[in-house]
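See structure below.
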Amino acid sequence: MIGWGVVATGGIANVVTSDMLLVDDTEVRAVASRDLGRAQEFAAKYGIPKPYGDYRELIADPGVDVVYIASPHSGHYDV
């Protein structure tokens with residue numbers, strides 16, 4: 001099972017996350033937003049067990065094997 005983390009909660013994150021949930025051997029385990037409330041809403045919408053209000057917390061999560069960065073391209077390096 002591959003454990004995914006999703007950084008950001010905008011439009012593309014919704015599209016990609018809903019698709020990831022259809023893939024065998026894939027589990028979305030965490031989501032992070034600069035706003036914890038948005039991460040919590042996103043997590044509730046998709047049944048993601050761990051919402052974070054800081055990207056570093058998601059990246060440090062030992063249950064996350066791969067991180068999908070859904071922020072605008074200009075923010076990818078910072079993440």
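The values are calculated or read from the model by the stated rules, or taken from the named source; none is laboratory data. None of these values were measured; they are calculated from a predicted model. Glycine gets a Cβ as well: all are built from the backbone with ideal geometry, and neighbour counts include every protein chain shown. Side chains included, ligands, DNA and RNA excluded: accessible areas come from the protein's heavy atoms. Shrake-Rupley method; radii C 1.70, N 1.55, O 1.52, S 1.80 Å.
Points to keep in mind about this one:
- Any hit, the range 23-30, residues being hydroxyl-bearing (Ser, Thr, Tyr), within 12 Å of the chain's Cα centre (by Cα) and open to solvent by less than 80 Å² (accessible area, probe 1.4 Å): no
- Selection count, the range 24-61, where residues are without any contact (Cβ under 8 Å) to a residue 40 or more places away in the chain, touching a strand residue (DSSP E or B) at 6+ places or on another chain (Cβ under 9 Å) and in a loop (DSSP other than H, G, I, E, B): 6
- Scoring residue 12 on the criteria (1) in contact (Cβ under 8 Å) with a residue 24 or more places away in the chain; (2) assigned to a strand (DSSP E or B) leaves a single failure, condition (2).
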